[in-house]
Amino acid sequence: MTTLDAPIGNVPKPGQDVHLVRWIRSADGWTSETLLCTYLACTPESWIVDSRGERMSLARDEWAQFAF
């Protein structure tokens, strides 16, 4: 995996807390799933984050930054 030094769109700084959201279709309609994590890096396809000590790669086409 290659991470990029240059920002891709509006991304946080490495080590910054970030709140991500994705929408999931269910039998009752749509529901959101959110994740509060620490931003590490990104690729054009993935957010690379740390959530409770676990490094995760989340698809950028599924997960977006959550704005309060």
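Quick look at the values:
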{"quantity": "Subset of the stretch 33-68 (residues that are more than 10 Å from the chain's Cα centre (by Cα), in contact (Cβ under 8 Å) with a residue 24 or more places away in the chain and loosely packed, with under 12 Cβ neighbours inside 10 Å)", "calculated": "Pro44, Phe68"}
{"quantity": "Count of the stretch 22-67 residues which are within 20 Å of Val11 (Cα to Cα), modelled with pLDDT of 95 or more, not charged (D, E, K, R) and not in a strand (DSSP E or B)", "calculated": "1"}
{"quantity": "Checking Ala6 against (1) modelled with pLDDT under 95; (2) surrounded by 12 or more Cβ atoms within 10 Å (Cβ to Cβ); (3) not hydroxyl-bearing (Ser, Thr, Tyr), the condition it does not meet", "calculated": "(2)"}
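The values are calculated or read from the model by the stated rules, or taken from the named source; none is laboratory data. Here the structure is a predicted model, which is why all the values come from computation and not from measurement. Glycine gets a Cβ as well: all are built from the backbone with ideal geometry, and neighbour counts include every protein chain shown.
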